[in-house]
Structures are given as C-alpha cells and as structure tokens.
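The values are calculated or read from the model by the stated rules, or taken from the named source; none is laboratory data. In this text, all values refer to a predicted model and were calculated from it rather than measured experimentally. Here the Cβ positions follow ideal geometry from the backbone for every residue, glycine too, while neighbour counts run over all protein chains shown.
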Amino acid sequence: MAAAGSAKVQAIRAGGASYTVDGATWNTLQAGTVLPQGAAVKTDAAGVVDLDLGANGPGVRVSPDTTLELTTLQVAEGAGEKMATTELGLPQGKIHAVVRKLSPSSKWEVKTPVSTCGIRGSRCVVTGRGEFAISQGSGYVRYMAPGATEPTNFDVLGGYMFDPALNNNRGGVIEILPSINLEIEEAARGLQEFASVGGGTTPSGWAPSPLWSMPGRPGIVPVGSGGAGTPWVIPVVTEPSTPIMAAPGHPYPEGE
C-alpha cells in the first residue's frame with residue numbers, strides 16, 4: 001500500500017512565499033511548515049524556498065516568481081524495494097531538484113504547460129516554459145509541440161538539455177550551457193546541506209543565479225563575469241528531419 005508523503009520547508013533563503021492546501025486560501029509560508037500532498041507553493045519576485053521531500057526527493061529549490069504544485073507524493077514498499085511516485089506541477093517559474101536514484105518501479109516527473117519532464121536520478125532544472133537540463137543522471141521529456149496531436153519523446157542524458165524552442169518549436173536536445181550547469185550545481189550544493197544529514201542545518205546565503213537565455217530573449221551575465229555579459233547563443237538544429245543525437249551512441253528511439 002502506498003502512503004502519502006509530504007514536503008517540509010527547510011529554508012526560505014530569500015524573499016517570501018505563500019502556500020495553499022485547498023487551492024483557495026493562501027497563507028504565508030514559513031520555515032518548518034509541512035506541506036501535504038496536493039498543496040501548492042508560490043514565491044514572490046525575490047522568493048527562494050528549499051523543500052525537503054524526504055523519500056520523494058530529497059530536495060527541490062523553488063525560484064522567484066514560481067508556482068509549484070505537489071500533485072503526488074507517495075511511497076510504497078514491496079518486493080524488497082521502496083517505490084516512490086512523485087508528480088509535480090510547474091505552471092510557471094523554475095525549480096532545481098536533487099533526486100536520488102530511483103527503483104525501476106518509481107517515477108519522478110514535473111508537468112509544465114507544454115511537457116512532462118522526468119528524471120531517473122541526480123540533478124536537474126525545469127522551467128514552466130518546458131526547458132529541462134540535467135547535469136548528472138538521465139531523464140526524458142514528453143513534449144507537445146504547437147499544433148501537435150501527440151507528444152514527442154526525447155531522451156535527455158547528463159550534460160544535455162531539452163529546449164522546446166529548437167526546430168521551429170518542435171523541440172530538440174543540445175549540450176547544456178555552462179551557465180546552466182553552474183546554476184544546477186549551485187542549487188544542488190544548497191539542497192544537499194539538509195539532504196545529506198536529514199535536516200536541521202543552517203542554510204547559507206543565496207544569490208540569484210543566471211536565468212535561461214535563448215535566442216531572442218534577454219541576455220544574461222555569465223556566472224562570475226562581474227559585468228554586462230554577452231547573451232548565450234544556442235546553435236539551432238537546421239535539419240529537424242534528422243534524429244537528434246543525445247550523445248554519441250545514444251540516438252532517440254525510432255520515430256522521435
């Protein structure tokens with residue numbers, strides 16, 4: 001039998017946030033608040049919140065201007081293994097996550113307005129626009145392109161990222177940008193402050209990380225540059241009919 005899990009607010013590192021358990025009444029979020037399955041968290045323009053999901057995580061960092069829905073947090077034990085089912089909703093904003101290696105029967109997914117992103121373990125970042133990057137581990141994306149009647153599946157390996165804007169908004173996978181990789185690792189270090197010891201540590205300070213930057217979007221300042229930077233430019237895949245290779249020897253399944 002599966003038991004409902006919960007998420008504990010381990011730290012509010014910057015700004016403020018609110019939460020709801022019924023979808024109607026919003027309350028001020030505080031460190032130590034325990035959020036049940038079905039609750040939602042919303043951060044303000046400066047809000048940064050770290051959540052301890054326990055067996056369903058261990059950790060998720062909620063960025064500013066983000067709404068995160070704890071749709072399903074369940075854990076079951078059987079046949080000598082622990083099975084975790086984690087389903088999060090991300091209608092807007094961005095989250096970083098550290099996910100332990102899952103058993104074959106487990107699932108860890110984030111649903112955005114255009115895609116479902118799943119990771120099989122380790123470190124990732126997901127945005128409400130459907131971007132999905134993995135610094136370590138592996139995952140997948142089911143992306144519904146504009147006008148499509150069926151989603152397209154993409155395999156995402158560690159060191160790669162999915163961007164729905166590639167291939168004329170049909171989506172594609174490219175090598176992860178250095179700024180995004182640093183962003184994921186920075187968040188992972190903060191999340192592991194409590195994940196490695198089970199909670200109780202004092203969080204360190206937090207500074208805003210670089211934002212996602214794609215062609216036609218505002219430029220960003222690369223980490224550590226200390227000044228106005230040049231926008232990162234992602235090479236666009238010019239032959240969308242050719243299957244995109246996630247990495248040498250790892251083509252996508254036939255038909256993708």
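Of note:
Residue by residue, here is whether (1) part of a loop (DSSP other than H, G, I, E, B); (2) modelled with pLDDT of 95 or more; (3) in contact with a Ser or Thr (Cβ under 9 Å, 6 or more places away or on another chain); (4) among the aliphatic types (A, V, I, L, M) holds:
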{"residue": "E109", "(1), (2), (3), (4)": "no, yes, yes, no"}
{"residue": "V125", "(1), (2), (3), (4)": "no, yes, yes, yes"}
{"residue": "Q136", "(1), (2), (3), (4)": "no, no, yes, no"}
{"residue": "E150", "(1), (2), (3), (4)": "yes, yes, no, no"}
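- Members of the stretch 103-125 that are free of Cβ contacts under 8 Å to residues at least 60 places away in the same chain, among the aliphatic types (A, V, I, L, M) and within 16 Å of P58 (Cα to Cα): V110, I119
- Filter result for T86 (polar (S, T, N, Q), part of a strand (DSSP E or B) and closer than 20 Å to V156 by Cβ): yes
- Some residue of the stretch 62-84 being touching a His at 6+ places or on another chain (Cβ under 9 Å), surrounded by 15 or more Cβ atoms within 10 Å (Cβ to Cβ) and of a type in the set (A, V, I, L, M): yes
- Of the candidates V98, V49, the single residue that is in contact with a Pro (Cβ under 9 Å, 6 or more places away or on another chain) and aliphatic (A, V, I, L, M) is V98.
- Of the residues making up the stretch 16-44, those that are touching a Gly at 6+ places or on another chain (Cβ under 7 Å), closer than 19 Å to K94 by Cα and in a loop (DSSP other than H, G, I, E, B) number 2.
- Considering residues of the stretch 126-159 that are free of Cβ contacts under 8 Å to residues at least 24 places away in the same chain, among the polar types (S, T, N, Q) and farther than 17 Å from G59 by Cβ only, the residue surrounded by the most Cβ atoms within 10 Å (Cβ to Cβ): S138
- V98 under 27 Å from A46 (Cα atoms) and either under 14 Å from the mean Cα position of the chain (by Cα) or not aromatic (F, W, Y) (or both): yes
- For the condition within 15 Å of the chain's Cα centre (by Cα), assigned to a strand (DSSP E or B), modelled with pLDDT of 95 or more and not hydroxyl-bearing (S, T, Y), L68 qualifies.
- Subset of the stretch 147-161 [at positive phi and under 19 Å from the mean Cα position of the chain (by Cα)]: G159
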